[in-house]
Structures are given as C-alpha cells and as structure tokens.
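*Asks:* Here it is: the structure, laid out below.
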Amino acid sequence: MEVMTLQASPRGDLGNVSTKAIRKSNRIPCVLYGGNEIQHFTLAPLDLRTLVYSPEFKIVVINVDGQQHRCILKDVQYHPVTESIMHIDFLRLIENHPIKVEVPISFEGVAVGLKSGGKLIKKMRKVNIKTKPEHLIDKIILDTTSMALGQSQRIKDLVLSEGIEVLNNENIPVASIEIPRALRTGEAEATPTTAAAAVVAAPAATPAAAKTATPTKAAPPAKEAKGKGGKK
C-alpha cells in the first residue's frame, strides 16, 4: 500500500476570521481526529493533488511540529461554485481500533465472455469495508477470468483477505459481461430459420401418414328389386 507524507503547519486560532485568512494565503485548513486528541493544521493545495484527485486509496503520514501522525483521508469539503478545496478531515489510525473506509475495486483477468465478443460492464468502482489498521488494504481484486457472456459477479463473489468485512449488500452486482447487439441479433435471426425448416419438413410426412390412415367403409349393397308380376 502506498504511503504519502505531507508537511503541515500548526494552526493556533480556530475562528472564522482566521479560517478566511488561511484560505487567502493559499493554505487549506485541516483537522485530524481519532483517539483522545484533535489536531488542527494547514496544508498547501499543491501537496494534496495526488491524494484528493486520485482513485487510489493511500495511507497518509502528516508531520506537524516534528510529530508524525499516521492517518487516512476521511472527508473533503469543496466550494459550491469554484469547486476548490475548502476543508479536509483526516482520521488517525489506532492499532486494534476498527475503521470504516471506501476502497477501489481492481478488475483483473481477461474474461471468457470478452473473447466471445462480449463487453465488461463495471457497475461498481468502490466498496465500503470495515477492518483494523493492521489489516487495511488499498483495493479489492475481482478476477473476471471465468465470466462468460451474460454472467454477473456480485459483492458475495469478491475474494476477501483476512480481517476484511464488506458493508455493501452481498447481492449488489459488481460487474457483468454484456452480450453485444450483433450476437443478440444473430440469435434472433436463427430462431425464425429453424421454425421455417420445421414447416417445410412437415408436408414430407403427409404421404406416410396417408398410408396409415383408416380406410373408409364401403356402403352396403342395395336390396334386389321385386318383379312387376308378383308371384305366379
């Protein structure tokens, strides 16, 4: 897991006037909480680019007044108009103390369905987990190798390492192999062709059926008519 080190400046005043002055001086007010101590400090915006605007999960080591604090990024507040960073919260990592974090999903392997012309659809990019700092991971791997056309993988199919608990619903789809329109159209065209072949083959059975048909009974012979003279 990547560890990122940041140099911070301690913050004394905590009022609104001080906060506005910090932002005008091109610094970002930050707070570190967790445990029994809350630490206030400021960071330079340029130092935060690879942390805030990266999809990767990282551990952060913040140096404040010669002390190192091992933590993770917990929350970022943005300006509603300019979208510039206004404030950042960090969470201190304490041994044996459970934490809840969001880590990315890494899709690895070449699915069988891709070789058949399918397309991998990623329905989730991140997952919420609960773990302790000693078991913390930077990603969860989803092996897509065995996925065939039309098949899906769900939260319950993820392979988790020791000490990791996923908080998302286990039935939520994570990824699927979509069947392309060309293949769906080909299957649809094949169905009418098969039906037409069955219709053509049906008349061929008619002569054979005629041989086995039950013969029609002949009408009974007419009675012989009596002569005009009657008895002699």
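Every number here is computed from the coordinates shown, using simple stated rules; none is lab data. A quick note: this is a predicted structure, and the numbers were derived from the prediction, not measured. Glycine also receives a Cβ, built like all others from the backbone with ideal geometry; neighbour counts cover every protein chain displayed.
*Asks:* Less than 15 Å Cβ to Cβ from N16, Lys/Arg counted +1 and Asp/Glu -1: what total charge do the surrounding residues give?
*Replies:* With Lys, Arg at +1 and Asp, Glu at -1, the net is +3.
*Asks:* Place a label point 7 angstrom from the Cα of I137 along the Cα-to-Cβ direction, then list the residues of segment 90-108 whose backbone nitrogen is under 14 Å away.
*Replies:* It comes to 101-108, nothing else.
*Asks:* HN-Hα J couplings of segment 11-26 from phi, Karplus 6.51/-1.76/1.60, θ = phi - 60°, integer Hz, Gly and Pro as x?
*Replies:* 10, x, 6, 10, x, 5, 5, 5, 5, 5, 5, 5, 5, 5, 8, 6
*Asks:* To continue, here is another question. Please compute P(r) over all alpha-carbon pairs of segment 3-94, binned at 5 Å starting from zero, and give each bin as a whole-number percent.
*Replies:* 3, 13, 27, 27, 19, 10, 2, 0
*Asks:* Going through segment 1-87, which chymotrypsin sites (Phe, Trp or Tyr not before Pro) have at most 16 other Cβ atoms within 10 Å and a DSSP loop state?
*Replies:* Within segment 1-87, the qualifying chymotrypsin sites (Phe, Trp or Tyr not before Pro) (loop, at most 16 other Cβ atoms within 10 Å) are Y53.
*Asks:* Which of the aspartates and glutamates could be linked to K123 by a straight reach, that is with a Cα gap under 13 Å, when you skip same-chain ones fewer than 8 residues away?
*Replies:* E178
*Asks:* Could you tell me which trypsin sites (Lys or Arg not before Pro) in segment 1-89 are loop residues by DSSP with no more than 15 other beta carbons within 10 angstrom of their beta carbon?
*Replies:* Hits after loop and neighbour filter: K58.
*Asks:* Would you work out the charge dipole size for segment 100-182 about its Cα centre, treating the Cβ of every Lys and Arg as +1 and the Cβ of every Asp and Glu as -1, and quote it to the nearest 20 debye?
*Replies:* On the way: 13 positive and 10 negative charges, 80 e Å.
Magnitude of the dipole: close to 380 debye.
*Asks:* I would also like to ask the following. For each pair in K100/K122; K58/K115; K74/K156; K24/K74; K20/K74, compute the distance between the two Cα atoms and list the pairs where it is over 30 Å.
*Replies:* K58/K115
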